[in-house]
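Data block below; observations after.
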Amino acid sequence: MILRLLAVDFLKIRRKGLWLLTFIGPIGVVALQMVNYGVRKDYLFSLTDDHWQQYIGNVSAFTPLAIILGIVILTSFMASIEDETNAWKQLIALPVSKREVYLSKFTMISCLLFVSSIILLLMTYFYGLTLGLGEDIPYLQIIQYSLLPFFASLPVLGLQLWLATVCTNQAIPTTVGVISVIFAYSAMYLPDWVIWKWPSLDNQWDQPYLNGLMGIAMGLAIYLIGMTDFKRRDVK
Amino acid sequence: MEYIVETNQLTKQFGKEKAVDGVEIRIPKGEIYGFLGPNGAGKTTTIRMLLGLMRPSSGSVHLFGKDLKNNRIAILKRVGSLVENPSYYPHLTAYENLEAIRKIVDVPRARMKEVLKLVRLQDAANKKVKGFSLGMKQRLGIAAALLHQPELLILDEPTNGLDPSGIIEMRKLIKQLPEKYGITVVISSHLLSEVDQMATTVGVISKGKMIFQDSIEAMRRIAQASIHLRVNDPKAVHQALLVYGQKADIKENSVAIQTTADEEVASIVQYLVEQGFAIYRVEEEKRSLENIFLEMTKEEQIR
């Protein structure tokens, strides 16, 4: 059943530009570095000898911002598709479990974000190759800094999806979303336990994996809370 | 007797206010059940509880003899619904809108063509719903509700906002469902005239309480129209009518008689003229649902 619901959710986002956003996000992040390296490659190269390290650092400075922004936009878009003619009432009156409806929405947006992360991985790698950053390509790090932010941002996804599905007034998730983006932007000033810091992969132990693991655990917890609340509520 | 829809002391409370209060609905198979009530009486809330969209504060809903609380999915497989304004995805075509439902209810693709044909939308199947008229959207909603061949169809104000030809068309469509497919239909409305032409059983709800539930014939007897005669001397006419053997009521400057049969009215008028009364107007007054509600609630209080 969940696969059929997922197929329906992907059908519903046709012609709505969600796929376009999925592609624009990672392309934008790498495009910023194209400008950066296009303008002052020599200067950047003069700062350090580990050019790959520096390049990955530059790319990943914008990754958390893009992914949080992506989550906010995708969740509110998804909710607006159902809210527009209050299609929730039609959907929930069908023989489906509300838990599965929620799981399907979560899975769909996760899929889009994961595709985004894969594109980011490929873009980072191939643009890096053209810059001549050296023979020693740190594959593991490229993979880490492209895919881990996705897992680390699952708690934010859980929160935004929850707000977007249960709030009839979309101003609430949008406001929280704006604050989320500001938090993601000022990640370095936040303490380690704040979920909006996690996509930056920064922590006091210097272990990026930790953020990914915490993200999965906390994401699951917030997802379960959101789903329980969604199931409990009356459909307007 | 087995009922398709049966509610027991169904109640829904919002804060302190009881939107639905101890409603008992009984709908036998194959009926068209007209669910009547003024706006805000609790019709939509009741219907939402029948579909499991809202949880009752207390009481229970049984559809097909099963408790909705524990068998929601199994029951909803046999129920089609259209609640309030039609829901659709404007950026998708009619066909894609149905496909989004077909995937969930798991019926063959051919069924989509069938229902589109049934509501005469086959030519607009590949057009985006955004450009549809309200009537077309409403028909698409019905098509979606019929997609999985439900045994019970629940329609909330299906003719709301339709033009007269749309209403007639919708009525025709709904009327044929029990005969052709054995579907039991629940249809809510705030217009008595609307339900009068389709329903076989009627339930009236007012301020959250069911105040009437019986066959349409019983309802018609209550809702019967009356003839108002405006005359020069109402009191004398009233006297004369009583002598003639016709029950009559004196209103401000007219006399009301309950019969509407053409011959009877004609002979009464002829009689009055022969008696030398001047008749200024002979008017038929249909009693509005509002009036009937008022009378019903009054009776309720007296009892």
- [ ] Could you please let me know if A:R4 is open to solvent by 10 Å² or more (accessible area, probe 1.4 Å), free of Cβ contacts under 8 Å to residues at least 24 places away in the same chain, among the charged types (D, E, K, R) and farther than 30 Å from B:E84 by Cα?
- [x] no
Open item on the list: With under 19 Å from A:V235 (Cβ atoms), open to solvent by less than 50 Å² (accessible area, probe 1.4 Å) and small (G, A, S) as the only criterion, which of A:S116, A:S97 stands out?
Closed with: A:S97
TODO: Quick one: A:M123 ticks every box in (1) farther than 23 Å from A:W196 by Cβ; (2) within 14 Å of chain B (Cβ to nearest Cβ) except a single one, so which number is it?
DONE: (2)
TODO: Could you check, for segment B:77-93, whether at least one of its residues is away from chain A (no Cβ under 11 Å) and either open to solvent by 10 Å² or more (accessible area, probe 1.4 Å) or of a type in the set (F, W, Y) (or both)?
DONE: no
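Determine if segment B:42-59 includes at least one residue that is buried (at least 19 other Cβ atoms within 10 Å of the Cβ), of a type outside the set (V, I, T), touching a residue at least 60 places away in the same chain (Cβ under 8 Å) and more than 12 Å from chain A (Cβ to nearest Cβ).
Yes, some residue in segment B:42-59 is buried (at least 19 other Cβ atoms within 10 Å of the Cβ), of a type outside the set (V, I, T), touching a residue at least 60 places away in the same chain (Cβ under 8 Å) and more than 12 Å from chain A (Cβ to nearest Cβ).
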Task: Pair list, Cβ < 6 Å and 6+ apart or interchain, from segment B:167-192 residues that are within 21 Å of B:S133 (Cβ to Cβ) to residues that are assigned to a helix (DSSP H, G or I) - done: B:S189/B:V195
TODO: Hey, can you tell me all the residues within segment B:123-144 that are among the polar types (S, T, N, Q) and farther than 20 Å from B:G80 by Cα?
DONE: B:N126, B:S133
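How many of the residues in segment A:188-207 are of a type outside the set (F, W, Y) and buried (at least 19 other Cβ atoms within 10 Å of the Cβ)?
Going through segment A:188-207 one residue at a time, the tally reaches 5.
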Open item on the list: So, A:A87, is that one out of contact with any helix residue (DSSP H, G or I) (no Cβ under 7 Å at 6 or more places or on another chain), within 14 Å of another protein chain (Cβ to nearest Cβ), within 30 Å of B:E99 (Cα to Cα) and open to solvent by less than 10 Å² (accessible area, probe 1.4 Å) or not?
Closed with: yes
- [ ] Within segment A:45-72, work out how many residues are in contact (Cβ under 8 Å) with a residue 60 or more places away in the chain and hydrophobic (A, V, I, L, M, F, W, C).
- [x] 9
Task: segment B:6-24, residues that are surrounded by fewer than 23 Cβ atoms within 10 Å (Cβ to Cβ) and in contact (Cβ under 8 Å) with a residue 40 or more places away in the chain - done: B:E6, B:N8, B:Q9, B:T11, B:Q13, B:K18, B:A19, B:D21, B:G22, B:E24
Task: One residue from B:L242, B:L177, B:L173 being at negative phi, at pLDDT below 90 and either open to solvent by 80 Å² or more (accessible area, probe 1.4 Å) or not assigned by TED's automatic domain parsing to the domain that holds B:A41 (or both) - done: B:L242
TODO: Output the qualifying pairs, or none if there are none: Cβ atoms under 8 angstrom, residues six or more apart or on different chains, first residue in segment B:114-127 and in the same structural domain as B:R102 (by TED's automatic domain parsing), second residue not hydrophobic (A, V, I, L, M, F, W, C) and not in a helix (DSSP H, G or I).
DONE: B:A125/B:T93; B:N126/B:T93; B:K127/B:T93
Task: Subset of segment A:119-131 (residues that are more than 26 Å from A:L69 (Cα to Cα) and open to solvent by 50 Å² or more (accessible area, probe 1.4 Å)) - done: A:L129, A:T130
Open item on the list: Anything in segment B:221-247 that is within 19 Å of B:I292 (Cα to Cα) and either in a helix (DSSP H, G or I) or free of Cβ contacts under 8 Å to residues at least 40 places away in the same chain (or both)? List them, or say none.
Closed with: B:R221, B:I222, B:A223
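Check A:S80, A:S104, A:S46 and return the single one that is surrounded by fewer than 20 Cβ atoms within 10 Å (Cβ to Cβ), among the polar types (S, T, N, Q), more than 9 Å from every other protein chain (Cβ to nearest Cβ) and within 22 Å of A:C167 (Cβ to Cβ). Write out each step before concluding.
Working: A:S104 fails: surrounded by fewer than 20 Cβ atoms within 10 Å (Cβ to Cβ); A:S46 fails: within 22 Å of A:C167 (Cβ to Cβ).
Residue meeting the stated conditions: A:S80.
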TODO: Kindly provide the set of residues from segment B:94-112 that are over 15 Å from B:K128 (Cβ atoms) and either touching an Asp or Glu at 6+ places or on another chain (Cβ under 6 Å) or more than 12 Å from chain A (Cβ to nearest Cβ) (or both), ordered by number.
DONE: B:P108, B:R109, B:A110, B:R111, B:M112
Open item on the list: Test of understanding: among A:T165, A:T174, which residue is open to solvent by 40 Å² or more (accessible area, probe 1.4 Å), modelled with pLDDT of 90 or more and of a type in the set (S, T, N, Q)?
Closed with: A:T174
Open item on the list: Given the criteria within 24 Å of B:K172 (Cα to Cα), assigned to a helix (DSSP H, G or I) and not aromatic (F, W, Y), does B:E217 qualify?
Closed with: yes
Task: Identity of the residue in segment B:200-224, buried (at least 17 other Cβ atoms within 10 Å of the Cβ) and more than 14 Å from B:K43 (Cβ to Cβ), that ends up modelled with the lowest pLDDT - done: B:A223
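Just checking, how many residues over segment B:61-76 are surrounded by fewer than 17 Cβ atoms within 10 Å (Cβ to Cβ) and over 19 Å from B:T44 (Cα atoms)?
First pass over segment B:61-76, keeping only residues surrounded by fewer than 17 Cβ atoms within 10 Å (Cβ to Cβ): B:65-67, B:69-71, B:73-74.
Going one step further and asking which of them are over 19 Å from B:T44 (Cα atoms), we end up with B:65-67, B:70-71, B:73-74.
The number of residues fulfilling the criteria is 7.
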Open item on the list: Checking the structure you have, find out if any residue of segment B:122-136 is within 12 Å of chain A (Cβ to nearest Cβ), within 19 Å of A:W88 (Cβ to Cβ), open to solvent by less than 60 Å² (accessible area, probe 1.4 Å) and part of a loop (DSSP other than H, G, I, E, B).
Closed with: no
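The values are calculated or read from the model by the stated rules, or taken from the named source; none is laboratory data. Worth saying up front: this structure is predicted, and the values here are computed from it rather than measured. Please note: Cβ atoms are built from the backbone with ideal geometry, for glycine as well, and neighbour counts cover all protein chains shown. Note: accessible area is taken over every heavy atom of the protein model, side chains too, but ligands, DNA and RNA are not part of it. Shrake-Rupley method; radii C 1.70, N 1.55, O 1.52, S 1.80 Å.
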